[in-house]
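A short write-up of the structure that comes next.
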Amino acid sequence: MKIYQFPVGQMPAIGLGTWKMEDGSATQAVKTALQLGYRHIDCAPIYLNEPDVGVAFESVFQQGNIKRSDVWVTSKLWCNRHRPDLVQGALKSTLADLKLDYLDLFMIHWPIVFRDDVHRPEKPEDFLSLEDMPLSDTWQALENCVDTGLCRNIGVCNFSIKKLKCLLATCRIKPSANQVECHPFLPQQDLFNFCKNEGIQLVGYSPLGSGDRPERMRGATDPNLFEHETIKELASRRQISAGQLMLAWAVTRGSAVIPKSSNPERMAENLAAGSLQLTNEEMSAINSIETLHRYVHGRFWEMPGAPYTVANLWDE
């Protein structure tokens, strides 16, 4: 069977993120996004809203003005489904919830493994180490999902250069994308360059700093992207919002981004940022920002006796 892979760049640069839409708002948000012109929707079962997103897809696609083939849909494999014999069932469950026949992109959500009866870990024994459940074994099961036509591309999230190199050494199908936190306070330049050289599309989540992220991901002194003087000054000079400037920075450098919003005006503003091209001077000014901060820090995976730490998660 022929393996079909989208060329890098075919993923629409601006997508709608659906994380934190657990209140039933995802149905209307996705409908509105598609009507506004979004053609890239990012999902995951752990967001607890894929059935809501599926209602939107079914409604919009039945109307006929927008076809399934017009929209890039991403979803992810949760950490308790890494065991190879569970991967295809997890994907089929997501497809049923989304009311789709295939995904454009199916990703490993975290390079972290739970026991298959654990939804969120509460004690060290809830985890499995990467030695016990290698990422390469999980990846092979994702490759089989491409073979069967359940997804057209496969990728990873939150992978470091080190983890990508290990995967590339053994994979049959290269990851099409690596989804990581990325914004002017965390530009991930080395990772971006590595992915670009390997033909892997970098997708930035929390591209505006995820101001509504859960409490467990907050710090007492988290800096505010929107208050940085360089960002405020450049946005004012351009007569665009600070959010649009940050999204335009990502798109100009060659990243895709998935800002989350359920506000129609903000959604339209975010999408319009995809057509903004920043100058070399503007890019240089943003790239020279010295604040370095990761909002989705990963400390929520740490507990005494567990195999995961921030150090071995990010390999920094």
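Since every read-out is calculated from the coordinates, none of them should be taken as a lab result. Fair warning: this is a prediction, and the values are worked out from it, not measured in the lab. Counting neighbours? That spans all protein chains shown, and the Cβs are built from the backbone with ideal geometry, glycine included.
For the structure I just gave you, tell me whether L292 is surrounded by fewer than 19 Cβ atoms within 10 Å (Cβ to Cβ), farther than 24 Å from W19 by Cα and under 22 Å from the mean Cα position of the chain (by Cα).
Criteria not met by L292.
Taking the stated definitions as given, is A268 of a type outside the set (D, E), under 21 Å from A33 (Cβ atoms), surrounded by fewer than 23 Cβ atoms within 10 Å (Cβ to Cβ) and in contact (Cβ under 8 Å) with a residue 60 or more places away in the chain?
yes
What residue, among those in the range 108-152 that are part of a loop (DSSP other than H, G, I, E, B) and among the hydrophobic types (A, V, I, L, M, F, W, C), is farthest from A311 (Cα to Cα)?
L150
Just a yes or no: is a residue in the range 20-43 out of contact with any helix residue (DSSP H, G or I) (no Cβ under 8 Å at 6 or more places or on another chain) and surrounded by 18 or more Cβ atoms within 10 Å (Cβ to Cβ)?
Yes, the conditions are met somewhere in the range 20-43.
From the set of residues in the range 178-196 that are of a type in the set (D, E, K, R) and within 20 Å of W110 (Cα to Cα), which is surrounded by the most Cβ atoms within 10 Å (Cβ to Cβ)? Give the steps one after another, and end with the answer.
First, pick out the residues of the range 178-196 that are of a type in the set (D, E, K, R): 181, 190, 196.
Then drop every residue that is not within 20 Å of W110 (Cα to Cα), which leaves 181, 190.
Working: E181: 21, D190: 11.
Per the criteria, the residue is E181.
Quick one: how many residues across the range 180-202 are assigned to a helix (DSSP H, G or I) and polar (S, T, N, Q)?
3
Residue-wise test of (1) touching a strand residue (DSSP E or B) at 6+ places or on another chain (Cβ under 7 Å); (2) buried (at least 18 other Cβ atoms within 10 Å of the Cβ).
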position: S210; (1), (2): no, yes
position: G219; (1), (2): no, no
position: Q239; (1), (2): no, no
position: A250; (1), (2): yes, yes
position: K260; (1), (2): yes, yes
position: S284; (1), (2): no, no
position: M303; (1), (2): no, no
position: Y308; (1), (2): yes, yes
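Go through the residues of the range 156-171 one by one and say whether even a single one is without any contact (Cβ under 8 Å) to a residue 24 or more places away in the chain and not basic (K, R).
Yes: the range 156-171 contains one or more residues that are without any contact (Cβ under 8 Å) to a residue 24 or more places away in the chain and not basic (K, R).
Looking at the structure I just gave you, is C195 more than 24 Å from F300 (Cβ to Cβ) and in contact (Cβ under 8 Å) with a residue 40 or more places away in the chain?
no
For every residue, the table says whether it meets (1) surrounded by fewer than 16 Cβ atoms within 10 Å (Cβ to Cβ); (2) among the aromatic types (F, W, Y).
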residue	(1), (2)
Q63	yes, no
V73	no, no
L77	no, no
H82	no, no
V87	no, no
L103	no, no
F114	no, yes
D117	yes, no
K123	yes, no
